[in-house]
1. Would you please name the residue that is nearest to ligand 2 (Cβ to nearest atom), looking only at residues in the range 70-82 that are in contact with a Lys or Arg (Cβ under 8 Å, 6 or more places away or on another chain) and of a type in the set (Ser, Thr, Tyr)?
2. If you go through the range 146-165 one residue at a time, do you hit one that is of a type in the set (S, T, N, Q) and part of a strand (DSSP E or B)?
3. Against the conditions (1) surrounded by 20 or more Cβ atoms within 10 Å (Cβ to Cβ); (2) within 16 Å of ligand 1 (Cβ to nearest atom); (3) part of a loop (DSSP other than H, G, I, E, B), where does LEU121 fall short? Just the number, please.
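The values are calculated or read from the model by the stated rules, or taken from the named source; none is laboratory data. Being a predicted model, the structure only gives us computed values, none of them experimental. Cβ atoms come from the backbone with ideal geometry, glycine included; neighbour counts cover every protein chain shown. Please note that ligands, DNA and RNA were not included when accessible areas were found on the heavy atoms of the full protein model with its side chains. Shrake-Rupley method; radii C 1.70, N 1.55, O 1.52, S 1.80 Å.
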Amino acid sequence: MKKLIYCFFALLILASCQQIETQTESAPKNVILLIGDGMGIAQISVGYFENNKQIHFQRCKHTGFSITYSADYPITDSGAAGTALATGYKTNNGMIGMDADSVPVQSILHYAVENGKATALVASSTVVHATPASFIAHNISRYNYEELAEDYLKTDIDIFIGGGLNYFNNRKDSVDLVSQLKAKDYQIVTKPADLEAIKSGKLAGLMYPDHPPKYIDGRGDMLIESSMKAIELMKSNENGYFMMIESSQIDWAGHDNSSEYLVGEMLDFDKTVGAILDYAEKDGNTLVIITADHETGGVILPESDERDAVMEINFGAAHHTATMVPVFAFGPGADQFTGIMDNTDIFKKMYSLMGFDKK
Ligand code: MG
Ligand code: ZN
């Protein structure tokens, strides 16, 4: 009899453990989307070789491909691609947070706010550049930077960190958006060294007048430190959080056809990916997705004359290309991100994994 009761309780514990496991497997509390702007497979391979034949991306056991074309061209720009990832709608090149008929569409970040999650954006460009702006703003043109900055005031995002202070307090229309941010309880940080002191609350990190410098020109660990600070500030939210982190300048290295620039940006991004995966591994409730908006530069790693020579990096294009980009996923729900998907599917998968379709 004792044995039977023991068996019964053992089964009960086993059953409840299994239930917990399936719950965490399917429903991530937190979602972190990392976007390497312009990062194709060759760029990731550059990171792999330049980091002694290893890269943190390898820790993701679920991988797939994303098709990146925009509504009006086979080759997307970062506005249309950012909008696809953020909202699930294909749009025309150059547009932000609108569908191809110029109708404003809601981003995953806005849905997260509505559902009580904390939200953050981190970028190694200005916060009004196309990729981060796609998660916040609605505009016919990605280049209306001052209008895109105004849209930050219309949201309840908790944390945004990058460059672009000039678009908030040194504007053509002389409007002081920094005062308006303060009135909405944002703490304003204007240099990376001051980030450390922020221990709670809302944060607008406008840490450079314009774009942050290149990694090879001394940007330092701004991307990783900003990302980890955002997690520190959001992790106590009982409903979890959504964060988008962009390594913005992989794209610019591709446009410049600069190997040195590309290597620096890829090593910086991989370090950030590593820190995020370390955190997600310990946390157990965080889904991490790493992808790109498109490839830039047509990067190839061609045959080299000397067998032991340093790897050669060549460029086949000066702008974006139409090739598929890889998707890597880690944590609860990661198994959804395999095979070939459309870039708009990434939004749809995040949306349903966070349970927004059930509300
Ligand atoms: Mg970008
Ligand atoms: Zn570009």
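1. SER78
2. No, the range 146-165 contains no residue that is of a type in the set (S, T, N, Q) and part of a strand (DSSP E or B).
3. (3)
Every residue, every condition in (1) at pLDDT 95 or above; (2) within 16 Å of ligand 2 (Cβ to nearest atom); (3) assigned to a strand (DSSP E or B); (4) open to solvent by 80 Å² or more (accessible area, probe 1.4 Å), yes or no:
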site: LEU4; (1), (2), (3), (4): no, no, no, yes
site: CYS7; (1), (2), (3), (4): no, no, no, no
site: LEU12; (1), (2), (3), (4): no, no, no, yes
site: CYS17; (1), (2), (3), (4): no, no, no, no
site: MET39; (1), (2), (3), (4): yes, yes, no, no
site: ILE44; (1), (2), (3), (4): yes, no, no, no
site: GLN58; (1), (2), (3), (4): yes, no, no, yes
site: ALA84; (1), (2), (3), (4): yes, yes, no, no
site: TYR89; (1), (2), (3), (4): yes, no, no, yes
